[in-house]
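One structure below.
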Protein chains: 2
Amino acid sequence: MKERTRSKEDTIQALHAVAAEMHDRMMRGEPPRMTLPVRSKKNINFDERLNVYKYGKKKTIRDATSLGSAHQLLRALFVTEFMEEMIEGQKSSTLREMYYISEGWGYGKFGSQNESNNLAEDLEIVTGCLREDFKLRPEEDGARIIGNLTFEEKNRRGEWMRINCRDDVGDSGYGVPYNVESEKLRLLSHDIDFMMAIETGGMFDRLVENGFDESARCGLIHLKGQPARSTRRIMKRMNEEWGLPIVVFTDCDPWSFRIFASIAYGAIKTAHISEYLATPSAIYLGIDSDDIKAYDLPSDELTSRDIEALKAEKSDPRFQNQEWTDQIDLMLELGEKAEQQSLAKYGLDFVTDTYLPEKLRQKLGIHIG
Amino acid sequence: MKERTRSKEDTIQALHAVAAEMHDRMMRGEPPRMTLPVRSKKNINFDERLNVYKYGKKKTIRDATSLGSAHQLLRALFVTEFMEEMIEGQKSSTLREMYYISEGWGYGKFGSQNESNNLAEDLEIVTGCLREDFKLRPEEDGARIIGNLTFEEKNRRGEWMRINCRDDVGDSGYGVPYNVESEKLRLLSHDIDFMMAIETGGMFDRLVENGFDESARCGLIHLKGQPARSTRRIMKRMNEEWGLPIVVFTDCDPWSFRIFASIAYGAIKTAHISEYLATPSAIYLGIDSDDIKAYDLPSDELTSRDIEALKAEKSDPRFQNQEWTDQIDLMLELGEKAEQQSLAKYGLDFVTDTYLPEKLRQKLGIHIG
């Protein structure tokens, strides 16, 4: 896969092109505008070539003939200028800081942070650049990794630092930075057979304490709920550059299914860069709906929000295959969900001695121990 | 300050004493019971000697003559047995895992995780041990630290690893483990003048990017909202063992005031170990209520929940001094709150070039640059 990030010069050129296009239209006596794909579940399609979900053909046009859209275009211009300043000044900013900086932009001021977040994504789509090129970063913490894999990260001083995620880190593991492109992070070497992505911190720590990374020869990555872009991207890179299978171990509830979908098929909000973030070969290891009965797990009743979410998934194009339809229907039928940590019912070692080895054998043909 | 953690043998002895006391009472024909302090705002008092808030004299007695209390005592016995197994087996478990493990305890099964969390704290009070001695750990992630300070952390293999929080870590910093006692973490050396605790990740990253740790000769620690025990404990240790001042930089809202109170005065839930977690000399740097006007910061209206929280603080013994009364009254009068990141209104460098140097000069007499 080709490099996705752009050079400083290319990014600035792409930002200038946004302004130039508006300028040209005005010079021709036409109202400036911006054309964007509709960004909802109804407008994502499977891309056969890329093997992930991408935005479809439905478009919205932002046209300066309405006041709301004119404001949006003005904001876009302020934002491109701000981004250029950051690129030139070798700075970066959080999405929240950009929202506050817009205080000084008069009519270009954002009404809410949601608006500024969306505009940043709009500009990714229009320019073909990435948020990382724009020097914008999210608030959320990145993932943690433990295992015998070695990265090189460029530090603030511009020096490359070598970090082994088993030997050079404390118990909390290696913290993944927000930018994991090759300009910032290099994948050096590893001695593992697969990567396991884990939803909850409690389960991540359990596998670490039980030494599962060593006994199963795998890397462990803590997703922290809905995974950040950098988390999905680093898994994608490990899958592509190292050829490592990605297996995903989550709770058993509708939100966990969405976590998996965003890892394997692409997330709806970032469908313009799915081919860069999603790992189509990722495997859902569990907890499966039928594990609740098969392992007699402590479970909780589905809430009305859970049921709504499951029903929404039934019309989500990403879940239109037999496996997911069965999974979702069974959960609705049972009316129950379960957490990863409910496996502790059988003691602290059950997950590493029994559950995961069974699942890995079943779903990947991997034999442990 | 003396070591707070106990040896394996002492902890087991203390756990046995819980069972022995119940046994003795039953042998004398009396119902077994457990006496605990009332754990609420109404029962915390300032301890003049320790300089922190501790539980007062109000007690609740759990007595096996009522069914609910009898269940609680049964649970306490199951839990002490489980803890002993973990200590012997060199395992640890999350509070959530313990909740699930109780599935097998018949009448001793917990009704909710809240019950199991509270019981763990009850046993700390009764035995004088710490949760860390019991091998229980929380779910939450610990803090991140960046700066020129060097720790030694004992890894899973039992080897001591030396980590400098500026030179040996990636951009995300050093992840503080859940156990920061001297058996697990040693404070080796530093070349800084103070520690700055920061509420939000966005502001932490801003100070890191701007190199504030170097220009102000300080360590930066990200609190991640209401700070975990390990976060408060490591600050306490740095304050005691290294003599470093702790300054706290948060948003300006009622929840931030509580964050500060838990750092400086002790938290209500952990008042039995305040002298071990709280740093009485910690200084609240900002954002102050009067900064909203003084710096003309973008602000949000207080919600009804905010107003309720401020009113509750007015009857909280920890806030009964002139400084906090003024701070709280002014916020109520303004009807506004503000975020740390709102300082970005004046650009990305304002916080490190202007705001923090002014505050550090005002409140600590520290001159930067």
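The values are calculated or read from the model by the stated rules, or taken from the named source; none is laboratory data. What you see is a predicted model, and the numbers here were worked out from it, not measured in a lab. All Cβ positions, even for glycine, are placed from backbone atoms using ideal geometry, and neighbour counts span all protein chains on display.
Here are a few things to note about the model shown:
- Residue check, B:Gly142 more than 30 Å from B:Lys91 (Cα to Cα) and either small (Gly, Ala, Ser) or not in a strand (DSSP E or B) (or both): no
- Hey, A:Ile61 part of a helix (DSSP H, G or I) and β-branched (Val, Ile, Thr) or not: no
- Some residue of segment A:340-355 being farther than 30 Å from A:Asn43 by Cα, loosely packed, with under 15 Cβ neighbours inside 10 Å and more than 14 Å from chain B (Cβ to nearest Cβ): yes
- Flag for B:Ile44 being in contact (Cβ under 8 Å) with a residue 60 or more places away in the chain, within 30 Å of B:Ala312 (Cβ to Cβ), more than 11 Å from chain A (Cβ to nearest Cβ) and among the aliphatic types (A, V, I, L, M): yes
- Residues in segment A:219-233 that are crowded, with 24+ Cβ neighbours inside 10 Å and either in contact with a Gly (Cβ under 6 Å, 6 or more places away or on another chain) or more than 16 Å from A:Tyr284 (Cβ to Cβ) (or both): A:Gly219, A:Leu220, A:His222, A:Arg229, A:Ser230, A:Thr231, A:Arg233.
- Residues that are among the hydroxyl-bearing types (Ser, Thr, Tyr) and under 20 Å from B:Phe204 (Cβ atoms) within segment B:316-369 comprise B:Ser342, B:Tyr346, B:Thr352, B:Thr354, B:Tyr355, listed in sequence order.
- Residue satisfying condition, being among the polar types (S, T, N, Q), under 30 Å from A:Pro280 (Cα atoms) and either touching a Lys or Arg at 6+ places or on another chain (Cβ under 6 Å) or buried (at least 18 other Cβ atoms within 10 Å of the Cβ) (or both), within set A:Thr60, A:Thr35: A:Thr35
- Within segment B:95-136, the set of residues being of a type in the set (Asp, Glu) and part of a helix (DSSP H, G or I) comprises B:Glu97, B:Glu103, B:Glu115, B:Glu121, B:Asp122, B:Glu124.
- Qualifying positions in segment A:16-33 - in contact with an Asp or Glu (Cβ under 7 Å, 6 or more places away or on another chain) and touching a residue at least 40 places away in the same chain (Cβ under 8 Å): A:Arg33
- Filter result for B:Asn117 (without any contact (Cβ under 8 Å) to a residue 24 or more places away in the chain and under 25 Å from B:Phe260 (Cβ atoms)): yes
- Output for segment B:139-156, where each listed residue is at the interface with chain A (Cβ under 9 Å from one of its Cβ atoms) and either touching a Cys at 6+ places or on another chain (Cβ under 6 Å) or at pLDDT below 90 (or both): B:Glu139, B:Glu140, B:Asp141, B:Gly142, B:Asn155, B:Arg156
- Screening B:Arg144 against (1) in contact (Cβ under 8 Å) with a residue 24 or more places away in the chain; (2) farther than 29 Å from A:Glu139 by Cα; (3) of a type in the set (Lys, Arg) leaves a single unmet condition, (2).
- Scanning segment B:96-123 for residues that are surrounded by 21 or more Cβ atoms within 10 Å (Cβ to Cβ) and within 13 Å of chain A (Cβ to nearest Cβ) gives B:Arg96, B:Glu97, B:Met98, B:Tyr99, B:Tyr100, B:Ile101, B:Ser102, B:Phe110, B:Ser116.
- Residue in segment B:198-206 that is more than 8 Å from chain A (Cβ to nearest Cβ) and either part of a loop (DSSP other than H, G, I, E, B) or within 23 Å of B:Glu132 (Cα to Cα) (or both) present: yes
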